[in-house]
Structure formats: structure tokens, C-alpha cells
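The values are calculated or read from the model by the stated rules, or taken from the named source; none is laboratory data. Predicted model, so just to flag it, every value in this text is computed and none were measured. Note that each Cβ is placed from the backbone with ideal geometry, even for glycine, and that neighbours are counted across all protein chains shown. Accessible surface areas use protein heavy atoms only, side chains included; no ligands, DNA or RNA. Shrake-Rupley method; radii C 1.70, N 1.55, O 1.52, S 1.80 Å.
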Amino acid sequence: MDDGLDKQQENCDAVAVHTHHNHVHGASFLNDDMTAERHKISTYILEFGICLHSVIIGLTLSVATGAGFKTLLIAICFHQFCEGLALGSRLAEVQHRKHAFLRAVLSATLFMLVTPIGMVIGIGVRYSYAPSSPASLITMGVLDSLSAGILLYSGLVNLLAEEFGTLEFRGYRTSKKVACFAATFIGAGIMALIGKWA
């Protein structure tokens, strides 16, 4: 009986996670596949939200007229540049077992094409599209709220929580942590400022 308990204890000790000096030894490898799959799903959710948002941006840009067009175009260029960097960094970290490069290229191509597709839709409905009509306002409101919800969830849960919740981040010096938080808030402020015109 005691031998059985000792064997169980040894097995438990073999899979226990041992931590010291801000890093982990032991069974952290048990969750690697699950973590990679979760990372992949969260990246595709982020891409879906960004693509939906980009279609709306393209539609808005193509129906804009007058002096507001130039301001909107410049704001959208910066906005899409920042979104492209964020999505590209996430796509680069996704691990595929097969055709990894092809999948990354397809995802990047999709992001590259969605804004022009939105613009084509906008040009097609330009003369029949009434931005102030109830139907247009409801449609744009629903699409905007859907993409905003997806992007907020992805940003807070899949990006910030993952980046700032790792053992590697916890091991950083205090000054480096402060710099990371400062960069995050500065970036959010810049995007909010751009959003004032977009």
C-alpha cells in the first residue's frame, strides 16, 4: 500500500511545475499545443474584426466628398498602417503544422484587399447611398458595433492580457515594464487622436 502511494507521489513530482528565478521548469510543455491553438484562434478572430472594420472604412472613404476626403484619407492611412503592424506581428507568431508560409501570405493578402473591396462597394452605391437615411445609419451602426466589439475583445483579452501576463514580462526590470505600459498608452492615445478625424 505504501509502495503505491510512493509511486503516485513520484508521478506527481515528475509533472509538477517548479518555478524560481522568474522562469519555469517541468511540465509547462504539456500546454504548448493548447496554447498554440488558442493563439491561432485569437489571431484569426482579430483578423476577422480588422477585416470587417476595413470594409466599413473603405466604404466610408469612397462616399466621402469635399475637404473632408483628404483628412479622412490621411487618417485612414495611418490607422491601417498601425492595424497592419499589429496583425502582421500576430500572424508571424502563429505556428502552422502545414503550409505555414502560404497561410501567412493568404492572411496578409486578405487584409490588403478588404479596404479596396469596401471602396468598390462604396463606389458602386455612391449615388444611391444616403448616409443620413435610417437604413444606412442602422446598417453602419450594427457593423461598427460588431467590429468594435471584436476589436476591443481581441485587443484586451488576446493582445494585452497575453503580452503583459507572460512569465517573461514578469521577469522584466521595473523600468522596462514602465516603458512597455507607457508605449501602450501613448499608442492608444495616438490611435484615439487619429480616430477623431476617421
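Which of the chymotrypsin sites (Phe, Trp or Tyr not before Pro) found in segment 79-128 are loop residues per DSSP with 15 or fewer other Cβ atoms within 10 Å of their Cβ? Qualifying residues, ordered by number: Y127. For segment 134-145, backbone phi angles converted through the Karplus equation (6.51, -1.76, 1.60; θ = phi - 60°) give residue-by-residue couplings of x, 5, 5, 5, 5, 4, 5, x, 5, 5, 5, 5 Hz, Gly and Pro being listed as x. Within segment 60-198, what whole-number % of the accessible surface is contributed by carbon and sulfur, with the 1.4 Å probe and all protein chains included in the calculation? Within segment 60-198, the accessible surface is 73 percent carbon and sulfur. Need one number: the % of Cα-Cα pairs in segment 32-74 sitting beyond the 17 Å mark. For segment 32-74, the fraction of Cα-Cα distances above 17 Å is 52 percent. Whole-Hz Karplus values for segment 112-129 come out as 5, 8, 5, 5, x, 5, x, 5, 4, 4, x, 5, x, 9, 4, 7, 9, 7 Hz, taken residue by residue from phi with 6.51 cos²θ - 1.76 cosθ + 1.60 and θ = phi - 60°; glycine and proline positions read x. Legend: residues E163, E47, sorted from most to least accessible area (1.4 Å probe; ligands, DNA and RNA excluded), read E163, E47.
Of S62, S89, the residue with the largest accessible area leads and the full order is S89, S62 (1.4 Å probe). Taking N as the residue count of segment 104-155, its C-alpha radius of gyration divided by 2.2 N^0.38 Å amounts to 1.41. Applying a DSSP loop filter and a limit of 13 other Cβ atoms within 10 Å to the trypsin sites (Lys or Arg not before Pro) in segment 116-198 leaves R126, R173.
Each of V142 and K176 was given a label point 7 Å from its Cα along the Cα-to-Cβ line. The distance between the two points is 4.8 nm.
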